[in-house]
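Single-structure report; data block below.
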Amino acid sequence: MLFRSETPNLWTLLAPPTVWALHFLFCYVAGAIICAKAPEALDELRLAIAAATILALVFIVVAGMQAHRHWGFGSDMPPHDTPTDEDQQHFLGLATMLLCALSAVAVIFGAMPALFIAECMR
Amino acid sequence: MLLGACSGPQSALDPAGREASEVALLFWVMLVGAAIIWLVVIGAAMFGGKWQKQPLSERAGLRIVLYGGAVIPTIVLAALLVFGLRLMPMLRAGEPELRITMSGEQYWWRVTYAAPDGSKVESANELRLPAGRAAEITLDSVDVIHSFWIPSLAGKMDMIPGRTNRLVLHPERTGIYRGVCAEFCGRSHAFMAFPVVVMEPAAFEAWLAREAAPALSKADNGAFLANGCGGCHTVRGTQATGSIGPDLTHFADRQSIGAGILPNTPDNRRRFIAETETLKPGVRMPSFGALPPAELGAIAAYLGSLE
């Protein structure tokens, strides 16, 4: 349904922002738990967030490549607003691609504090 | 007039501490950056409106939207994020050489220094710090949310009932600055301030030793005790041991009275006792204006002798 899909659908559209949401939740929930229960494990937390970030970015890049294909590799310019199957596909493809770009940036921004955090605040 | 807020005892643009310097630098970077972006955008609009006679191709237009609207803003925001995140751990860095607890109460500040020998030194409504040394301020509140802000030294930090916050200050330049409550806390919120005296380390140590000692006063404290002042205020070394209001042990040493609202002069001391509720609406201390002038004078003189 999500990958190797011939045509885009709402699931392929929603997948990249969902990955962003899950990554965001993971960073903050893991940070909260580590700081409350095991503040000395800050380096392990950093590694876990790095791994989650790479995983999320890989997923988003793959989804973006698929969306690029659904868009027809930019064969025609937006707005894709005529009532044809092709335009519907191109519209969903382009929207998904833009959401992929947004999600990728958001995932990177969300992970950045992990690089700089020096201690758990008392 | 326009530059009135750019220097002086309460300006984030005239930093006297490490944290405030970083905040001021961040402000200038953002201001200059915003000015450049504004010039580019307005310049492009003027160019498009005045000189560019041929419409751009759709592809070129989309490219401008993509780069100008998405790619460049993302890069700028990422750079600012890195800049800001880099500042945060630095603001708490270093093992503090001095620990102070400040508690917000409507509408004054309880200040407790940890002396080198481990004992606690109670004071109020004034903060003294040694220049060039890190001081950790532990912040809490007993009633409502207050916020502790010394613009010349650092950013602000909330004082929240039931929670202890921590702020590390690195004052660098000696001088007298002004701290304020930066979270609306009631009728006299605007009258809740305090002077911050940054001293040479040796002078600070001498001051702290003096502050730790009991009050030395040759003046008569009969009127002060007879009118019940000691029920709320402490003057160490006397029978006045109240803890509801600010400690007054070395009151004459302080820069201001009423939590930063008036200079500490004989006239103002007398006025504050007589017109407390007028000068500071909502305060818990009643006005003692009904006292005979001689008694008022005696209390004010006693306070002025507490060195």
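The values are calculated or read from the model by the stated rules, or taken from the named source; none is laboratory data. These numbers come from a predicted model, not from an experiment. Please note: Cβ atoms are built from the backbone with ideal geometry, for glycine as well, and neighbour counts cover all protein chains shown. The area values use the complete protein model at the heavy-atom level, side chains included, leaving out ligands, DNA and RNA. Shrake-Rupley method; radii C 1.70, N 1.55, O 1.52, S 1.80 Å.
Observations, loosely collected:
- For region A:50-60, backbone phi angles converted through the Karplus equation (6.51, -1.76, 1.60; θ = phi - 60°) give residue-by-residue couplings of 4, 5, 4, 5, 4, 4, 5, 5, 4, 4, 5 Hz, Gly and Pro being listed as x.
- Whole-angstrom gap from region B:156-197 to region B:213-246, using each part's C-alpha centre: 26
- Amide proton proximity set for B:Glu275, modelled H, under 5 Å, gap of 5+: B:Phe288
- Table column - 3J(HN,Hα) (Hz), region A:102-108, Karplus curve with 6.51, -1.76, 1.60, x for Gly and Pro: 4, 5, 4, 4, 5, 5, 5
- Highest-fluctuation residue, B:Ala135, B:Ala290, B:Ala259 considered, GNM on chain B with Cα pairs under 10 Å: B:Ala290
- Remark: spin-label model distance A:Thr84-B:Ala78 equals 3.7 nm, labels positioned 7 Å along the Cα→Cβ axis.
- Most to least accessible of B:Glu205, B:Glu97, B:Glu105 (protein chains only, probe 1.4 Å): B:Glu97, B:Glu205, B:Glu105
- Taken over chain B, the ratio of Cα radius of gyration to 2.2 N^0.38 Å equals 1.31.
- Portion, in percent, of the accessible area of region B:222-304 that falls on carbon or sulfur, probe 1.4 Å: 57
- Burial of 20 Å² or greater, region B:53-68 residues [accessible area, probe 1.4 Å, versus chain by itself]: B:Glu58, B:Arg59, B:Leu62
- Under 5 Å from the amide H of B:Ser152 lie the amide H atoms of B:Ser11, B:Arg178, each residue being 5 or more positions distant or on a separate chain, with H modelled from the backbone and absent for Pro and chain starts.
- Residues in chain A average 60 Å² of solvent-accessible surface per residue, probe 1.4 Å, ligands and nucleic acids excluded.
- Per-residue [θ]222 nm for the protein assembly as shown (sum of -39500 (n - 2.57) over DSSP H runs n ≥ 4, rounded to 500): -14500 deg cm²/dmol
- Taking amide H positions as modeled 1.01 Å from N, with prolines and chain starts lacking one, the residues under 5 Å from B:Ala124 and 5 or more places away or on another chain are B:Val111.
- Share of carbon and sulfur in the accessible area of region A:44-89 stands at 69%, probe radius 1.4 Å.
- Residue-normalised accessible area of region B:253-307, expressed per residue, 1.4 Å probe, Å²: 47
- Whole-number percent relative contact order across chain B, with pairs defined as alpha carbons under 8 Å at least 6 apart: 16
- Percentage, to the nearest whole number, of Cα pairs in chain A over 25 Å apart: 36
- At a Cβ-Cβ separation cutoff of 4.7 angstrom, cysteine residues of chain A with no neighbouring cysteine are A:Cys27, A:Cys100.
- Hz values of 3J(HN,Hα) by residue in region B:236-246 - Karplus curve (6.51, -1.76, 1.60), Gly and Pro given as x: 4, x, 10, 7, 7, 10, x, 10, 7, x, x
- Total buried accessible area between A and B, probe 1.4 Å, nearest 100: 1300 Å².
- The alpha carbons of region B:30-117 give a radius of gyration and a Dmax of 25.0, 80 Å, in that order.
- Rounded to 5, the percent of DSSP beta bridges in chain B classed as antiparallel: 70
- GNM flexibility winner over chain B from B:Glu200, B:Glu58, B:Glu22 (Cα, springs under 10 Å): B:Glu58
- In region A:65-109, comparing the full protein assembly with the chain on its own, the residues that lose 40 Å² or more of accessible surface at a 1.4 Å probe are A:Met77, A:Phe109.
- Restricting region B:30-117 to trypsin sites (Lys or Arg not before Pro) in coil, as DSSP defines it, with at most 14 other Cβ within 10 Å: B:Lys53
- For region B:222-304, the relative contact order works out to 23 percent when only alpha carbon pairs closer than 8 Å and six or more residues apart are counted.
- Carbon and sulfur %, accessible surface of region B:1-160 computed with the full protein complex present, 1.4 Å: 70
- Cα Rg over Rh - region B:192-239, Kirkwood: 1.09
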